[in-house]
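Since every read-out is calculated from the coordinates, none of them should be taken as a lab result. Worth saying up front: this structure is predicted, and the values here are computed from it rather than measured. Cβ placement follows ideal geometry from the backbone for every residue including glycine, while neighbour counts extend to all protein chains displayed.
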Amino acid sequence: MSVRPTRLPVVFQASTARPPYGRLRRLIPLGATVARLWLNWRVLRLKRRIFGLERTAEATHRFHVASAEAIVRRAVRQQGLIIKTCQFMGSRADILMDEYVRTLSLVHDRVPPRPWEDMRPLIEEELAGTVEALFADFDKTPIAAASLAQVYRATLHDGTRVAVKVQYPGIDRIVKWDLEIIDLLTKIWARLETVIDFRPIAQEMQRNAPDEVNFVHEGRASEELARILADRDDVVIPKIHWHLSTRRVLTMDYLDGIKITDIPALEAAGVRSAEVAHTLIDLFNTMILKHGMFHADPHPGNLFVIPAAERGGKAKIGLVDFGLTKRIPDEFRQQMVVLTSAIIAQQSDLISNTMTDMGFRTREESEETYTALGEAFLGDVIRSGRAYADQALMADINQRLGKVLRANPLVDVPGDVILIARVMGLLSGLGRSLDSETDLLAALMPYLDPDAEAVS
């Protein structure tokens, strides 16, 4: 695992490394921030109606810049699952305005780190020894700090360079409180806004959060994906060193790579970003549609590019952080293949029947609603001829889908689909950042024919 350290921007420097501890101490400031931003947005919307979009353009820009900075400040102070929410939003360069993408993407791996005196006792307690005895060398300055843990660079006694991921003290309680808070806020939101319902996302977080704070689960998941992808020469997954790993400490090989969104560094290394985007799409097609097991958190902090030894050779993608890894039942995987084929072929009856079989439910059974969902899920992007959904396309999709769902709301969404949609959204945002040129239809076709071989 590798991250190139950067200077923390001003929005981070005023923040404390230790988050508020306690349910109310986490709820009150977060709720106040969300309420203030929502009220300010309602006021701005009223001004835009009265004075018009052109006359309020500068005020709109200032609002979004200030809002993005307020969200990041609050997330960095809160840490925990609130950081993960920002990581997701900051990766959506396809649908969010630049004011948000530039600011929210800062939390991928540059959260203010906890001090060494907080982390050392946990390492030594978990591994039953002193840092000096366990490692030949251990850099006390973390190379990455994220939502649930921070990562250190170290060397084993046999000379192996490793990354040591250490869970924050007390993070399990913080995750529990954050889940309760997110559940409460999404329920309040559902009463205020009717178009987008975040409650299914909160429910999926409830299901997955326990695995994310269990590093044994993460290590086993990384090994299983490494086995599944062993026949590919374009992906690297770090080896786990189990004698130095526990539920709260995970030691793995160190990957010396370039952050996937660091375009200048990719260019300097002779790597075309469009080729990286193509490999990434094919890699996730393999995981989801062929094997039914996938890395469900592909934000830029978890993806690295390892340039070829010789200029012009094939670069590899390094995957890290397997806390959010999903295995779907084979029947569901096959239904995903059928649904994807039906969306491409615009077979409304098959789309409707398959989505019903998968567990989608709307207030009134309607082929029109399921077809609209299928188009929003995949069809519109494929038929647009673009490699990703840009902001204009997403605005059009949301407008049309919102009209359909207001008339016939969704009442149940399969949790597995929520994670797959999240992955697709993150990949779409990365596609925009990498200037992807991938033909999405051509990329999907090998995985829709069971007799065809995927081409990397």
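Using +1 on the beta carbon of Lys and Arg, -1 on that of Asp and Glu, and nothing else charged, what's the dipole of the chain about the Cα centre, debye to 20?
Value, rounded to 20: 2300 debye.
With +1 on each Lys and Arg Cβ and -1 on each Asp and Glu Cβ, and nothing else charged, work out how big the dipole of the range 316-377 is about its Cα centre, in Debye to the nearest 20.
Working: 6 positive and 10 negative charges, 94 e Å.
Around 460 debye, computed over the range 316-377.
Under 15 Å Cα-Cα from Lys47, which aspartates and glutamates qualify once same-chain neighbours fewer than 8 residues away are excluded?
List returned: Glu58.
Which is farthest toward the positive dipole end of the chain among His157, Ala392, Ala190, measuring Cα position about the Cα centre, with Cβ charges +1 (Lys, Arg) and -1 (Asp, Glu)?
Positive-most Cα among the choices belongs to Ala190.
³J(HN,Hα) across the range 31-46 via Karplus (A = 6.51, B = -1.76, C = 1.60, θ = phi - 60°), whole Hz, x for Gly/Pro?
Using θ = phi - 60°, the values come out as x, 5, 5, 4, 5, 5, 5, 5, 5, 5, 5, 5, 5, 4, 4, 5 Hz.
Each label point is 7 Å from the Cα along the Cα-to-Cβ direction; what then is the distance between the points at Lys176 and Arg161, in nm?
Reported label-point gap for Lys176 and Arg161 is 4.0 nm.
Go through 220-227, 142-149, 32-39 and give me the packing order, highest mean Cβ count within 10 Å leading.
Values: 220-227: 17.4, 142-149: 23.6, 32-39: 14.1.
For the peptides 220-227, 142-149, 32-39, the packing ranking is 142-149, 220-227, 32-39.
For the range 223-308, rounded, prolate or oblate, judged on the Cα gyration tensor with a ≥ b ≥ c (square roots of eigenvalues), a/c < 1.5 rounded, else prolate if a/b > b/c?
Taking the square roots of the gyration eigenvalues as a ≥ b ≥ c, the range 223-308 is oblate.
For Asp137, Asp412, Asp321, which order do you get if you count the other beta carbons within 10 Å of each Cβ and list the fewest first?
Asp412, Asp137, Asp321
Expected output is a single nm value to one decimal: the length gained when fully extending between Ala268 and Arg220, i.e. 0.36 nm times separation in residues minus the C-alpha distance. What is it?
13.8 nm
So what is the 222 nm mean residue ellipticity for the chain from helices alone, if each DSSP H run of at least 4 adds -39500 (n - 2.57) and you divide by all residues, rounding to the nearest 500 deg cm²/dmol?
That comes out to -16500 deg cm²/dmol.
Using the charge dipole of the chain (Lys, Arg: +1 at Cβ; Asp, Glu: -1 at Cβ; taken about the Cα centre), state which of Val236, Ala66, Leu148 has its Cα farthest towards the positive end.
Going by the charge dipole, the pick is Ala66.
Send over the semi-axes of the range 260-456's equivalent ellipsoid, whole angstrom and largest first, taken as the square roots of 5 times the C-alpha gyration tensor eigenvalues.
31, 18, 15
Is there a quick way to get the dipole size of the range 260-456? I mean about its Cα centre, with the Cβ of Lys and Arg at +1 and of Asp and Glu at -1; what is the value in debye to the nearest 20?
440
What percentages make up the Cα-Cα pair-distance distribution of the range 154-259 when the bins are 10 Å wide from 0?
Final binned percentages: 13, 30, 28, 19, 9, 1.
Which of the residue pairs Lys187/Lys259; Lys84/Lys326; Lys176/Lys316 have a Cα-Cα distance greater than 26 Å in the structure shown?
On the way: Lys187/Lys259 36 Å; Lys84/Lys326 17 Å; Lys176/Lys316 36 Å.
Correct reply: Lys187/Lys259; Lys176/Lys316.
Return Lys176, Lys140, Lys316, Lys165 ranked ascending by Cβ neighbour count within 10 Å, so the fewest neighbours appear first.
Lowest to highest Cβ neighbour count: Lys140, Lys176, Lys316, Lys165.
Considering the options Ser436, Leu319, Gly374, tell which one lies farthest towards the positive end of the dipole of the range 260-456, charges being +1 on Lys and Arg and -1 on Asp and Glu at the Cβ, about the Cα centre.
Leu319
Using DSSP to define loop residues, name the GluC sites (Glu not before Pro) in the range 274-358 whose beta-carbon has at most 15 other beta-carbon atoms within 10 Å.
Glu310
Going by how many other beta carbons lie within 10 Å of each one, how would you line up Val271, Val131, Val164, fewest first? Present the calculation step by step, with values, prior to reporting the outcome.
On the way: Val271 22, Val131 18, Val164 29.
By the 10 Å Cβ count, ascending: Val131, Val271, Val164.
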